[in-house]
Amino acid sequence: MRIEIDGTRLWNELGTLAGFSDTPRPSVTRIVFSDQDARARAYVKGLFTDAGLAVREDAVGNTFARWEGREPALAAIGTGSHIDAIPHAGAFDGTVGVLGGLEAIRALQRAGVRPRRSLEVLLFTSEEPTRFGIGCLGSRLLAGSLDAGAGETLRDKDGRTLNEVRTAAGFDGDLAGVRLGPGYYAGFVELHIEQGPLLERDGVPLGVVTAIAAPASLRLFFEGEGGHAGAVLMPARRDAFLAAAEVALAVEAAAKESGAVDTVGTAGVCEVFPGAINSIPSRVKLELDIRDIDGDRRDAVLRKVDEAIAEICGRRKVEARKEVINADSPAVCDASIVSALSTACERHGLAHRKMVSRAYHDSLFMARLAPAAMLFIPCRGGFSHRPEEYASPEAIAQGALVLAEAMATLAL
Ligand code: HGY
Ligand code: MN
Ligand code: MN
């Protein structure tokens, strides 16, 4: 079996996909269920259909493109990722896994492979938390890790519910029907850029992921007392922003003092009201992202953040309210899938290293449905979620080649 990836075609398709964006190249902004998302979905579905795959969409827009195997009743082998992109992001986060998964299947078709198990490439809806505040929305619903009631409770910044937005985008039907039963997949492999510097730094072309970090997202609301920036003297102030600022610094300290380099904490959203230079902030919304590959260590940081909020807000006489958006367990990748990926690298004489994923991915939830693992390719400087994000055509083709080889083995 000689598998050959059409790297030029894959590169060109990634370039076309990058053009569906609300910001000019080289940045990509493609928010879920936006017009650009709809155009991008139509383009990708067209490629799926051109490859002779059977395409279906579920009630939240997860898209499945299946190449039926010799024994269609068997559990399939899945691959895939996302095409939504946060504002001013790059062209490769997620898209390499969707179009690389498609090219892997096309390469197996061209090689005359007739797998026993069906192969399916997925386009997951809303991996990014940008619009509805929670990441991996589509894969959470597939894995049964998010209740269908989220259709009414999740809202975008305009107050529109997930159900309103998804039905306006043409995805209706009962969200409860999104959940996949156990045994739907016999295995799942996601190809993705590393979103970190290690592979490039060490000159290793491929990373076989053994664990995926556990993300937790918090939304904090601080309520102090506003007033005139000139007239209210410092001792009389109950400044909501300064309380939030101290909490953000406490998050940084807790992450740094966790005892491990794998603990990270970020305050990525801070909205100040009324937001005038000469008015004391009366209300602040602060959103925190706290992760670790060790769930207990991550939870210890969450407890420290709670203690800090109580101490800081007590001292500053500011009220605080906390919403936990998500606090997920980490995923341990399945040894059989890890082994299939390692063997596939060796078969093609490609060096690889085992590593953890510090970013979360849809595989974090697919691992709850089936044996799962990920394959990383290097990205320049480790940059991601920025326009400078870049993976070379060669790296992308190598990733698709190893993915094809591993899927062929898993589907035998
Ligand atoms: O935030 C993440 O880890 C992913 O890129 N959405
Ligand atoms: Mn991302
Ligand atoms: Mn991603």
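Couple of notes before you dig in:
- Of all residues in segment 326-361, those that are touching a Cys at 6+ places or on another chain (Cβ under 8 Å) and within 16 Å of ligand 1 (Cβ to nearest atom) total 2.
- For segment 315-412, the helices (runs of 4 or more DSSP H) that sit wholly inside it and include 2 or more residues that are within 15 Å of ligand 3 (Cβ to nearest atom) and under 16 Å from the mean Cα position of the chain (by Cα) are 363-366.
- Candidates in segment 113-124 are the residues that are open to solvent by 10 Å² or more (accessible area, probe 1.4 Å) and touching a residue at least 60 places away in the same chain (Cβ under 8 Å); of these, the one that is nearest to ligand 3 (Cβ to nearest atom) is R117.
- Criterion (of a type in the set (F, W, Y), in contact (Cβ under 8 Å) with a residue 24 or more places away in the chain and crowded, with 20+ Cβ neighbours inside 10 Å) met by exactly one of F221, F241: F241
Listed here are the residues, each with its yes/no results for (1) under 21 Å from the mean Cα position of the chain (by Cα); (2) closer than 24 Å to D262 by Cβ; (3) outside the structural domain of H352 (by TED's automatic domain parsing).
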{"position": "T125", "(1), (2), (3)": "yes, no, no"}
{"position": "G135", "(1), (2), (3)": "yes, yes, no"}
{"position": "P182", "(1), (2), (3)": "no, no, no"}
{"position": "V189", "(1), (2), (3)": "yes, yes, no"}
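- Residue in segment 58-65 that is open to solvent by 60 Å² or more (accessible area, probe 1.4 Å) and touching an Asp or Glu at 6+ places or on another chain (Cβ under 9 Å) present: no
- The number of residues in segment 331-373 being open to solvent by 10 Å² or more (accessible area, probe 1.4 Å) and within 16 Å of ligand 2 (Cβ to nearest atom) comes to 3.
- Checklist (1) more than 19 Å from K304 (Cβ to Cβ); (2) buried (at least 16 other Cβ atoms within 10 Å of the Cβ) applied to A231, failing item: (2)
- Residue within segment 285-302 that is touching a residue at least 60 places away in the same chain (Cβ under 8 Å), open to solvent by less than 20 Å² (accessible area, probe 1.4 Å) and assigned to a helix (DSSP H, G or I) present: yes
Each row is one residue, and each column tells you yes or no for (1) at pLDDT 95 or above; (2) away from ligand 1 (no atom under 14 Å from the Cβ); (3) in contact with a helix residue (DSSP H, G or I) (Cβ under 9 Å, 6 or more places away or on another chain).
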| residue | (1), (2), (3) |
| --- | --- |
| H192 | yes, no, yes |
| E200 | yes, yes, yes |
| G203 | yes, yes, no |
| I212 | yes, no, yes |
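- Test set (1) open to solvent by 10 Å² or more (accessible area, probe 1.4 Å); (2) out of contact with any Gly (no Cβ under 7 Å at 6 or more places or on another chain); (3) touching a residue at least 60 places away in the same chain (Cβ under 8 Å) - A213 fails condition number: (1)
- Qualifying residue in segment 125-146 (condition: within 16 Å of ligand 1 (Cβ to nearest atom) and without any contact (Cβ under 8 Å) to a residue 24 or more places away in the chain): yes
- Leading residue by the ranking (surrounded by the fewest Cβ atoms within 10 Å (Cβ to Cβ)) among those in segment 378-412 that are within 16 Å of ligand 1 (Cβ to nearest atom) and among the acidic types (D, E): E388
- Under the condition of being of a type in the set (K, R) and buried (at least 16 other Cβ atoms within 10 Å of the Cβ), the residues counted in segment 47-57 number 0.
Each row is one residue, and each column tells you yes or no for (1) within 26 Å of P378 (Cα to Cα); (2) of a type in the set (F, W, Y); (3) in contact (Cβ under 8 Å) with a residue 40 or more places away in the chain; (4) near ligand 3 (Cβ under 10 Å from one of its atoms).
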{"residue": "R70", "(1), (2), (3), (4)": "no, no, yes, no"}
{"residue": "A76", "(1), (2), (3), (4)": "no, no, yes, no"}
{"residue": "T79", "(1), (2), (3), (4)": "yes, no, yes, no"}
{"residue": "G90", "(1), (2), (3), (4)": "yes, no, yes, no"}
{"residue": "V96", "(1), (2), (3), (4)": "yes, no, yes, yes"}
{"residue": "L99", "(1), (2), (3), (4)": "yes, no, yes, no"}
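- Qualifying residue in segment 303-312 (condition: in a strand (DSSP E or B), away from ligand 2 (no atom under 16 Å from the Cβ), touching a strand residue (DSSP E or B) at 6+ places or on another chain (Cβ under 8 Å) and not acidic (D, E)): no
- Qualifying residue in segment 147-169 (condition: under 29 Å from S392 (Cα atoms), in contact with a strand residue (DSSP E or B) (Cβ under 6 Å, 6 or more places away or on another chain) and more than 16 Å from ligand 2 (Cβ to nearest atom)): no
The values are calculated or read from the model by the stated rules, or taken from the named source; none is laboratory data. The shown structure was predicted, so the numbers you read here are calculated from the model rather than taken from an experiment. Please note: Cβ atoms are built from the backbone with ideal geometry, for glycine as well, and neighbour counts cover all protein chains shown. Heavy atoms of the whole protein, side chains included, go into the accessibility calculation; ligands, DNA and RNA do not. Shrake-Rupley method; radii C 1.70, N 1.55, O 1.52, S 1.80 Å.
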